Amino acid sequence: MTTVVQRTAPPDAERALAELSEAVAARLGVPAALLDGYPEALLAVARTGRRLSLEEQASCRRLGEQAVGMGVGLPTMVDLHMQASRRLWSRLPELLGASRGRAVRGGELLGIGEAVWRAADAALGAVTAGYLEAQQSVVRQEEEEWREFVDDLLTGRSGVAASIERGEHFGLQLAAGRHVVVVVECDRAVNAGSGIRRIVEDAARTHLGNRGLLVAAKEGRVVCVAARSPESGSTEHLGTQVAQLAGPLTARTVGGRGWRVGVGRPHAGPLGVQRSYQEALGALDTAARLALPQRVVHAADLLVYRVLGRDETALAELVGAVLGPLTHARGGAEPLIETLDAYFAAGGNATEAARRLHLSVRAVTYRLQRVQELTGYAAGDPSDRLSLLVAVTGARLLDWPRRALVTG
């Protein structure tokens, strides 16, 4: 509380108050500066019976702010001021008597006590308010730094060395082991204010042990970066474990019903995190296009679709050449493509395909016959099966026929 109290106490009183502050601070192991001006303010209140001034309360708020910067906890700050108040109270008769030139009368102590403890209460309120405001400011700053780090890590904006250094600050060892990225997508968007980061981290710590795990809300999804050091074993099942935990937990937290999790492949280093993240997003996109039933989709299981989608022009030409004639069918190409998709998913069993489509077996076989009539490809013929299967898969990946094909 520098320069907030006019030092009107005699030199002996000032020395006594300084010794009091040093003794209390030493007992709690904190700097005496965190009591700066507080005993002097209480002594001034005891002399005059006045309330703590606004300037003195503002100084107490600054003491609370300083405590945050010094790493001193709020309970310690409260204890510090309470102990200083009690010690000063025991010496007030002596100090007031010295300043007045006479002993304090017994009838005066009640009024002095009310004034002093009222001031002490106001001071503690100001210290607490300053502490909490400073703490919230620190939290906001750390959250901003956290979001910037996550964005830079997942997009590759930071260099490798910078990412490793910043990752260590947040407890993520990017220089060691491999990392797998898990992305949770719900039918309701996730925002940073949902508290999802702490919820998933706590659950992972409970069920998966103390492993390096980064959790963040990004673009309406939940992103988890999980790590294992080389001596901790394989990362092959880690992504599945995190996915099975984070998926339903995220849905419950945001009140969603539908959810799906994309799991990237494990890679090493900051660039590996970025790669795994893109793979997880790609897995989610592919699963949505193909209407896959799995809740958890692994990029490693969808590599064939990445190969198919790598040359979209060639894939579009294949789809157009094989399935293009289906657009001349009554009702368009979509019902016939849907039937082919169900037929292949059922292992070529028309009865099972009919069950999945909620159609009769006759309706399914009729549609398959129409496909053969229009395209010349028979779904039941082994020599035609591959062409039709790849073409149907390509149509799903390109969202055809809802979107026009782009060919060379």
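Values computed for the structure shown
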quantity: Some residue of the range 386-406 being crowded, with 16+ Cβ neighbours inside 10 Å, over 24 Å from residue 293 (Cβ atoms) and under 40 Å from the mean Cα position of the chain (by Cα); calculated: yes
quantity: Residue in the range 174-197 that is surrounded by the most Cβ atoms within 10 Å (Cβ to Cβ), counting only those that are modelled with pLDDT of 80 or more and part of a loop (DSSP other than H, G, I, E, B); calculated: 174
quantity: So residue 404, is it farther than 13 Å from residue 323 by Cβ, outside the structural domain of residue 346 (by TED's automatic domain parsing) and either part of a helix (DSSP H, G or I) or not aromatic (Phe, Trp, Tyr) (or both); calculated: yes
quantity: So residue 2, is it exposed (fewer than 15 other Cβ atoms within 10 Å of the Cβ) and either at pLDDT 85 or above or under 24 Å from residue 71 (Cβ atoms) (or both); calculated: yes
quantity: Matching entry among 165, 133 (being surrounded by fewer than 16 Cβ atoms within 10 Å (Cβ to Cβ), outside the structural domain of residue 76 (by TED's automatic domain parsing) and assigned to a helix (DSSP H, G or I)); calculated: 165
quantity: Exclusive hit being on the phi > 0 side of the Ramachandran plot, touching a residue at least 12 places away in the same chain (Cβ under 8 Å) and not polar (S, T, N, Q), set 331, 309, 264, 348; calculated: 348
quantity: Filter result (of a type in the set (Lys, Arg) and under 12 Å from residue 339 (Cα atoms)) within the range 363-406; calculated: 367, 370
quantity: Count of the range 73-102 residues which are surrounded by 12 or more Cβ atoms within 10 Å (Cβ to Cβ) and farther than 20 Å from residue 121 by Cα; calculated: 7
quantity: Boolean, residue 399 is part of a helix (DSSP H, G or I), of a type in the set (D, E, K, R) and under 25 Å from residue 306 (Cα atoms); calculated: no
quantity: Out of 306, 265, 228, 310, sole residue that is closer than 29 Å to residue 174 by Cβ, modelled with pLDDT of 90 or more and of a type in the set (D, E, K, R); calculated: 265
quantity: Residues satisfying the stated conditions in the range 58-99, i.e. touching a residue at least 12 places away in the same chain (Cβ under 8 Å), basic (Lys, Arg) and under 19 Å from residue 14 (Cα atoms); calculated: 87, 91
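Here is a yes/no grid of residues against (1) in contact with a Phe, Trp or Tyr (Cβ under 6 Å, 6 or more places away or on another chain); (2) farther than 28 Å from residue 262 by Cβ; (3) surrounded by fewer than 17 Cβ atoms within 10 Å (Cβ to Cβ); (4) hydrophobic (A, V, I, L, M, F, W, C):
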residue	(1), (2), (3), (4)
291	no, no, yes, yes
306	no, no, yes, no
312	no, no, yes, no
318	no, no, no, yes
330	no, yes, yes, no
351	no, yes, yes, no
376	no, yes, yes, no
384	yes, yes, no, no
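The values are calculated or read from the model by the stated rules, or taken from the named source; none is laboratory data. Here the structure is a predicted model, which means the values were calculated and not measured. Using ideal geometry, Cβ is built from the backbone for each residue, glycine included, and neighbour counts are taken over all protein chains shown.
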